[in-house]
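Contents: one structure, followed by commentary.
The values are calculated or read from the model by the stated rules, or taken from the named source; none is laboratory data. Everything numeric in this text was worked out from a predicted model, so none of it was measured. Don't worry about glycine lacking a Cβ; one is built from the backbone with ideal geometry, like all the others, and counts go over all protein chains shown.
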Amino acid sequence: MARKQPLIVGIGGTLAQNSSTARLLKHALDKCEEAGAQTRLFTANALELPFYAPGRELASSAASTLVAAMREADAIILSSPGYHGSISGLIKNALDYTEEMAEDSRPYFDGLPVGLIAAGSGWQGANTTVAALRSIVHALRGWPTPLAIALNSRQPLFDAEGQLVATQVDEQIRAMAGQITHFLERARPPVAA
């Protein structure tokens, strides 16, 4: 019996060019691909969605695409900047769209491993943002990975070409991606080829 290739959906970043949280998210998805997963990335303009309005028909094709990907996902990675001690409005609004999944056979992120990345202009913002992400994932019935990535964006993370230069961060992201793929290997039954 062959296993289907798991889908890991990454949601995060900012609208700023060269967003460190978007770059870190992409790096994490690359590590998941190396482990055999397929990935989908939602960042920047793909997250510039109308404010979520419960009970209203989805107002944009981008919102419909995001909800469809979250429904299909076997795992999620969230990456947010630390804005005033919590996640950004861009990420919060994207996560509000999970309400479209409330009545699904698998509601919200129920049973999914969820990796967390936060970067703040200082350690306090990064750590409080990770705590906020954990709380949100619990509310969405997901399983936050034991290792979450909290980074101080005042420290150099990338070179001029956008390559991650912080070796310890690369190791942390690789470990978090490994936790996600390990969870998927143990949690999902084999399916027929």
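Annotations
- For the range 8-26, the criterion of being assigned to a loop (DSSP other than H, G, I, E, B), touching a Ser or Thr at 6+ places or on another chain (Cβ under 9 Å) and of a type in the set (V, I, T) is satisfied by at least one residue.
- Of all residues in the range 6-41, exactly one satisfies the criterion of being in contact with an Asp or Glu (Cβ under 9 Å, 6 or more places away or on another chain), of a type outside the set (A, V, I, L, M, F, W, C) and surrounded by fewer than 19 Cβ atoms within 10 Å (Cβ to Cβ), namely R40.
- Just one residue in the set L147, L133, L78 is in a strand (DSSP E or B) and either closer than 20 Å to Q172 by Cβ or over 15 Å from the mean Cα position of the chain (by Cα) (or both); that residue is L78.
- Options G125, G115, G111: the member that is part of a loop (DSSP other than H, G, I, E, B) and touching a residue at least 40 places away in the same chain (Cβ under 8 Å): G111
- Considering T14, T39, the condition of being more than 20 Å from L112 (Cα to Cα) and β-branched (V, I, T) is satisfied by T14 alone.
- Only one entry in S64, S20, S60, S86 is among the hydroxyl-bearing types (S, T, Y), touching a strand residue (DSSP E or B) at 6+ places or on another chain (Cβ under 7 Å) and either modelled with pLDDT under 95 or farther than 21 Å from R186 by Cα (or both), namely S20.
- Within the range 150-174, if we keep just the residues that are of a type in the set (D, E, K, R) and assigned to a helix (DSSP H, G or I), the residue that is nearest to D104 (Cα to Cα) turns out to be R174.
- The residues in the range 52-75 that are part of a loop (DSSP other than H, G, I, E, B) and more than 11 Å from A94 (Cβ to Cβ) can be counted, and the count is 10.
- Residue under evaluation E99, criteria (1) over 16 Å from the mean Cα position of the chain (by Cα); (2) in a loop (DSSP other than H, G, I, E, B), criterion not met: (2)
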